Every structure is written in structure tokens, then in C-alpha cells.
Amino acid sequence: MTERLPLMAGNWKMNLNHLEAIQHTQKLAFALADKDYEAVEVAVLTPFTDLRSVQTLVDGDKLKIKYGSQDISAHDSGAYTGEVSGPMLAKLKCTYAAIGHSERRQYHGENEEIVNAKVKAAYRSGITPILCVGEPLEVRKAGTHVAHTLAQLDGALDGVPASDAESIVVAYEPVWAIGTGEVATPEDAQEVCAAIRVRLAELYDGELAAKVRVLYGGSVKASSAAGLMAKPDVDGALIGGASLDADEFVRIVRYREQAVG
Ligand SMILES: O=C(CO)COP(=O)(O)O
């Protein structure tokens, strides 16, 4: 079986200016030890305005923390006012870009075509997409959450070759769990994360599917992380609110020390 290194990624959303970002990253770096990074990959997804500061800190202090953006333009350059391109993010040595977050889909009209174009743009620049998928509450209530989420996965990966897709990170983030305090049960997370892996095997092959990390996101806290991580197809978490509290985020990174609750 392929060993998948768990990924704990903090999505700061529209929080922390560049000065606060430096403070926060320094606090994380101070708290995290080499053994933490051996067990878990740690990443922060920051506002665009923070990336240069975080890069300077990571480069200067040789930190092991990875960083990336919360979005990326579908285009590489040109007359796209307000957009930030893959080549610009690559120049800042971003490892990751979150793509298709439900808040982008909801507030910025991002559909499957746009998400697909952004996934391809990230790969053109050597940036790994953290592709966000997941159903809203009404879909969950209707019981069609697996089909809904897999359709988002299919759309995002349309025309993406295996040589790219093998490095993708998929984050299952049910919309009803985001920012609500209502974390999915480990069983609910496992159901959809496992279905995502099965679909990856169908779209590509079993070897690729076994390599890809599938994260869960939505109201993850230190108290829920260990239970979620105990599930075989949950390979990490995308953490919003709790990632803004450095102590809590570090506790999530050290989920193995927490009780399975
Ligand atoms: O949207 C999320 C991460 O991308 C989850 O946010 P919360 O952890 O605040 O629910």
C-alpha cells in the first residue's frame, strides 16, 4: 500500500494582513518541531497580500512549512484586472493553490468550467491544486451528496492527464460543515473520501488513486481531528477558523496526541 503523508493545511480565508501573517507563521514555526514535519506536511493558504512576507520568512529561516494561495487565475497573463496568475504564484514559490472552494463557487460564480481551467493553470505553473469539492445542505438532505461531489471531481479533472493528476490534493468540504461548528462525523467523511478515491481509480488507475491525498474540511478542531484521521481514506484536513489560532492549529497537526473523540 502507498504511504500517504498526511497534509494539514490552514485556509486563512480573508484574515491576517501581511504583518499578522508574519507573526502567525513565526508562532507556528516556533511551536513545530522536526518530528512534526516528519509525521505531517503542514501548509498555510494565505491571502495574496501575505505571500511575499511568508515566502521571505520561510526562505530566510529555512522553515519546513509549505504555503500557497486560496485561488489562482485561469489565465497566465494579460488584461484580467484583479487576477493573480500561476506564474506569479510560482515566482513566490507557492507549493499549493486552493481551487474551487465553496466560497468561490458561492460568492464568485465559479462553475465546473472555471474550476477545471484553474486546475490546468496551476499545473502549467508547477503548482499543486488543492481541489475543493462538497455538497450543500439541501443535497445532503436529499441523499445525493456522493453523486454531487463526484460530478464536481469529474468536471474539475476533465482533460487533466494522469501525469498531473497524480499530485492533486482533493479536499472534501461539505458546505453545511464550513464555519458552522457542525463537523461531519468520521463515518460521513470516510464515505465521501472513499468514493472520491474510487472515482480517481476509475478516471485514472488504482495506483494513482492510492497516491492522492484526500482531505476533509469543515469545522475541524483538535477535538475532532484524531477521529477523522482514524479513517482510512481521510489523509488530512483543510482547516479554516481553527487555523487562525496557532495553538489550536498545532494541536491539529499533532492529532496523534489527541484522544479519538
Ligand atoms: O472552508 C474551510 C477550509 O477551507 C473550513 O472552514 P472552517 O474550518 O472554518 O469550518
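We did not get these values from a lab; they are worked out from the coordinates using the rules stated. All figures in this text were calculated on a predicted structure; none of them were measured in a lab. All Cβ positions, even for glycine, are placed from backbone atoms using ideal geometry, and neighbour counts span all protein chains on display.
Output the residues belonging to the stretch 124-148 that are within 21 Å of residue 8 (Cα to Cα) and away from the ligand (no atom under 14 Å from the Cβ). Answer for the stretch 124-148, where residues must be within 21 Å of residue 8 (Cα to Cα) and away from the ligand (no atom under 14 Å from the Cβ): 126, 127, 128.
When residue 62 is tested against (1) within 16 Å of the ligand (Cβ to nearest atom); (2) farther than 23 Å from residue 161 by Cα, just one condition goes unmet, and that condition is (1). Scanning the stretch 156-199 for residues that are outside any loop (DSSP other than H, G, I, E, B), within 16 Å of residue 218 (Cβ to Cβ) and in contact with a Gly (Cβ under 7 Å, 6 or more places away or on another chain) gives 171, 172, 175, 177, 186.
Contact map, the stretch 205-218: first residue without any contact (Cβ under 8 Å) to a residue 60 or more places away in the chain and outside any loop (DSSP other than H, G, I, E, B), second residue within 16 Å of the ligand (Cβ to nearest atom) and among the aromatic types (Phe, Trp, Tyr), Cβ cut-off under 9 Å, separation 6 or more or different chains; pairs are 214/172; 216/172. Residues in the stretch 93-107 that are under 15 Å from residue 46 (Cα atoms) and among the small types (Gly, Ala, Ser) were compared, and the one that is nearest to the ligand (Cβ to nearest atom) is 98.
Restricting the stretch 44-55 to residues that are surrounded by fewer than 21 Cβ atoms within 10 Å (Cβ to Cβ) and within 18 Å of the chain's Cα centre (by Cα), the residue that is nearest to the ligand (Cβ to nearest atom) is 47. For the stretch 92-144, give me each residue that is among the aliphatic types (A, V, I, L, M) and without any contact (Cβ under 8 Å) to a residue 24 or more places away in the chain. If the condition is that a residue be among the aliphatic types (A, V, I, L, M) and without any contact (Cβ under 8 Å) to a residue 24 or more places away in the chain, then 139, 142 are the ones that fit.
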